[in-house]
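Report on one structure; see the data block that follows.
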Amino acid sequence: MCRIEGEKSELEDREERKKIMGFKAVALGDSRVEKLKSSMMSRSRMKLWMIRATTSILLWTCVVQLMTLGETWGPRVLKGWPSCFSQESAASFVVNSSPEVPARVLPPKRVYKNNGYLMVSCNGGLNQMRSAICDMVTIARYLNVTLIVPELDKTSFWADPSEFQDIFDVDHFISSLRDEVRILRELPPRLKRRVELGMIYTMPPISWSDISYYQNQILPLIRKYKVVHLNRTDARLANNGQPMEIQKLRCRVNFSALKFTPQIEELGRKVVRLLRQKGPFMVLHLRYEMDMLAFSGCSQGCNKDEIDELTRMRYAYPWWKEKIINSDLKRRDGLCPLTPEETALTLRALDIDPSIQVYIAAGEIYGGKRRMASLTAAYPNLVRKETLLEPSDLMFFQNHSSQMAALDYLVSLESDIFVPTYDGNMAKVVEGHRRYLGYRKTILLDRKLLVDLIDQHNAGSLIWDEFSNSVKEAHAERMGNPMKRLVIPDRPKEEDYFYSNPWECLGPSNEDETLSSSI
């Protein structure tokens, strides 16, 4: 019995162990199934996520392609499509602005096949570069190329390190011309790398060329090399004989697109406000500075040491080609800036009110107080930006001659009278801008006649009344009144400069009103 019971108990133990093992096996099997199921579910979720991500990428790619297609072929293919990327919506795109500044509506982008990229390096002072920028924008427009924001001169006599965006409102420049030409701040990355490696075609264009030169000579180079760099861009587009739309675009760039930075504009308004508080004012562009005298070789009234200093300076700059200069002969031909003494006599002869404020738009006058004595005696209310403003106002403009010149430019535009003593680039461009603003009074001095009259008066052969009457008579029609530019075929350097009198851009009604008011 005991044995049988022992055997039974052993059998029962075995059965129980089998049951336990079976339960464990089942349990293990169930866990594996659960893990397998969860693994399959995670894989399914991963596949679903990948499908969704791929679909999203494809959809966005299609949208981008449609946007590009819309810009390129919109007028032909997408015309009439109910799309938020249509030309109509682009025309009504409004720039975000603060509540104080009114919203500005941008013009629609011009659609054209891009023939390549044009880089330009301007040379000279502010206004020489300004006119060059206007020409280069116009050339880019008619070659159907993309213009890169121009590079400004940093190696000339003034050595101004200012970039384009330090002087001009670059965002306004780009956006305001978008209906004429595409302008970029820099080349696309691939082309930029090529330029950095020196793979670029660089050349100076021929001076005073008409638009056909750029279409026939420059455009094939751009198509071939993709990027062409034009250097020394001053006076490269002819004054006359250009299509009317070209002349009008040059004006649009000059008078609308090329705005100075908000900081320069605000400081200019401050100077004008300070001057206006004390009554009318005249801007005298007294171009009697060391660099101008050295360059021109004019030394009237200078002592021997000063003449030697000016001569050394002229020889120090190899790109100033004329070295041996007869100052007296050049002065008699009217090719020298008037001296401060000659200027004082001229203003008095023209009956300019001695009490008027005279704003000197110039750098440091060569000879200082000694040379300015007669002008100060005749017109004691002489002021400069340095005397009107606090040092803190001009702190950021120091050693930036082009930014200083921009400030003088703004004040010159707003003056009651503008008198340049030499026909340099600033004098010419300000003259043209004042014509555009309504033929504001600009006295254009006939230096050749003046120095002859002054010499006669100083020698005693011409009494004051005769001298004054002669000066007034000679300048009666030289007050910035409407007239056509002087055209001299085959001698563009001697004819009137486009930017000094852009008559193609001056409305006939404005001209008629001015003519009638002057009678």
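Computed about the Cα centre, the dipole magnitude for segment 133-201 is approximately 520 debye when only Lys and Arg (+1) and Asp and Glu (-1) carry charge, each at its Cβ.
Applying both filters, DSSP loop and at most 15 other Cβ atoms within 10 Å, to the GluC sites (Glu not before Pro) of segment 396-480 gives Glu477.
Each of Phe396 and Arg485 was given a label point 7 Å from its Cα along the Cα-to-Cβ line. The distance between the two points is 3.6 nm. Element breakdown for segment 117-257 at a 1.4 angstrom probe: carbon and sulfur atoms account for 50% of the accessible area. Anisotropy class assigned to segment 117-257 is rounded, per the alpha carbon gyration tensor with a/c under the 1.5 cut-off. For segment 262-505, the dipole from Cβ point charges (+1 on Lys and Arg, -1 on Asp and Glu) about the Cα centre works out to 300 debye, to the nearest 20. Excluding Lys192 itself, what net charge comes from residues whose Cβ is under 15 Å from its Cβ, given Lys and Arg +1 and Asp and Glu -1? Counting the neighbours of Lys192, the net charge comes to +2.
When only alpha carbons are used to place a centre, segment 263-338 and segment 376-395 end up 18 Å from one another.
With the highest mean first, a sort of the peptides 214-223, 397-406 on other beta-carbon atoms found within 10 angstrom per residue produces 397-406, 214-223. Can you flag which of Lys321/Lys441; Lys369/Lys448; Lys248/Lys441; Lys226/Lys428; Lys323/Lys493; Lys321/Lys428 are past 31 Å Cα-Cα? Too far apart for the 31 Å limit: Lys321/Lys441; Lys226/Lys428. Summarising the label geometry, the points placed 7 Å from Cα in the beta-carbon direction at Lys192 and Asp455 lie 5.9 nm from one another.
Between Val228, Cys298, His285, the Cα set farthest toward the positive side of the dipole of segment 221-337 (charges on each charged residue's Cβ, about the Cα centre) is that of Val228.
The values are calculated or read from the model by the stated rules, or taken from the named source; none is laboratory data. Quick caveat: nothing in here was measured; it's all calculated off a predicted structure. In this analysis, Cβ positions are derived from the backbone assuming ideal geometry, glycine residues included, and neighbour counts consider all displayed protein chains. With ligands, DNA and RNA removed, areas are computed over all heavy atoms of the protein, side chains included. Shrake-Rupley method; radii C 1.70, N 1.55, O 1.52, S 1.80 Å.
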